[in-house]
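Quick notes on the structure that follows.
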Amino acid sequence: MAGKPKLTAKAAIEQVLAENGGPMRVPEIVQQAVPLTALSGKTPGQQIYSVIYSEAKKEDGLFEKVGRGAFVLRRRNQIIY
């Protein structure tokens, strides 16, 4: 019987951040996201890291940097005062 399908790096990071519900540091995200993916190679953690930072740089990216090395899911359609 086949196991759960593996997620893309982006989907795995999104799931980890959503389940946590608050800011997380990159090493924590990497530790929890890598097992959810089908990433292979010597540095799957580096692939996760790259996705986090590239999305955070985008104005409409999925992740938002909230502190030194800390990220959350970007809030959409909300005005924060």
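Just name the residue that is surrounded by the fewest Cβ atoms within 10 Å (Cβ to Cβ) out of those in region 31-48 that are among the hydroxyl-bearing types (Ser, Thr, Tyr) and assigned to a loop (DSSP other than H, G, I, E, B).
Step by step, filter region 31-48, then rank; the result is SER40.
Among the residues of region 58-66, is any open to solvent by less than 60 Å² (accessible area, probe 1.4 Å), out of contact with any His (no Cβ under 8 Å at 6 or more places or on another chain), farther than 14 Å from GLN15 by Cβ and not charged (D, E, K, R)?
For region 58-66, residues open to solvent by less than 60 Å² (accessible area, probe 1.4 Å), out of contact with any His (no Cβ under 8 Å at 6 or more places or on another chain), farther than 14 Å from GLN15 by Cβ and not charged (D, E, K, R): present.
Here is a check on your reading of the model: is VAL51 among the β-branched types (Val, Ile, Thr), surrounded by 11 or more Cβ atoms within 10 Å (Cβ to Cβ) and assigned to a helix (DSSP H, G or I)?
yes
Exactly one of these conditions fails for PRO27: (1) surrounded by 18 or more Cβ atoms within 10 Å (Cβ to Cβ); (2) farther than 21 Å from LYS4 by Cα. Give me its number.
Unmet for PRO27, out of (1) surrounded by 18 or more Cβ atoms within 10 Å (Cβ to Cβ); (2) farther than 21 Å from LYS4 by Cα: (1).
Residue-by-condition table, conditions (1) within 21 Å of GLU64 (Cβ to Cβ); (2) in contact (Cβ under 8 Å) with a residue 12 or more places away in the chain:
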residue	(1), (2)
LYS6	no, yes
GLY21	yes, no
MET24	yes, yes
ILE29	yes, yes
GLN32	yes, yes
PRO35	no, no
LEU39	no, yes
LYS42	no, no
GLN47	yes, yes
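For the condition under 23 Å from ARG75 (Cβ atoms), part of a helix (DSSP H, G or I) and more than 9 Å from the chain's Cα centre (by Cα), what is the one hit in GLU28, GLU14?
GLU28
The values are calculated or read from the model by the stated rules, or taken from the named source; none is laboratory data. These numbers come from a predicted model, not from an experiment. Using ideal geometry, Cβ is built from the backbone for each residue, glycine included, and neighbour counts are taken over all protein chains shown. Each accessible area value is taken on the protein alone, full model and side chains, heavy atoms only, with ligands, DNA and RNA left out. Shrake-Rupley method; radii C 1.70, N 1.55, O 1.52, S 1.80 Å.
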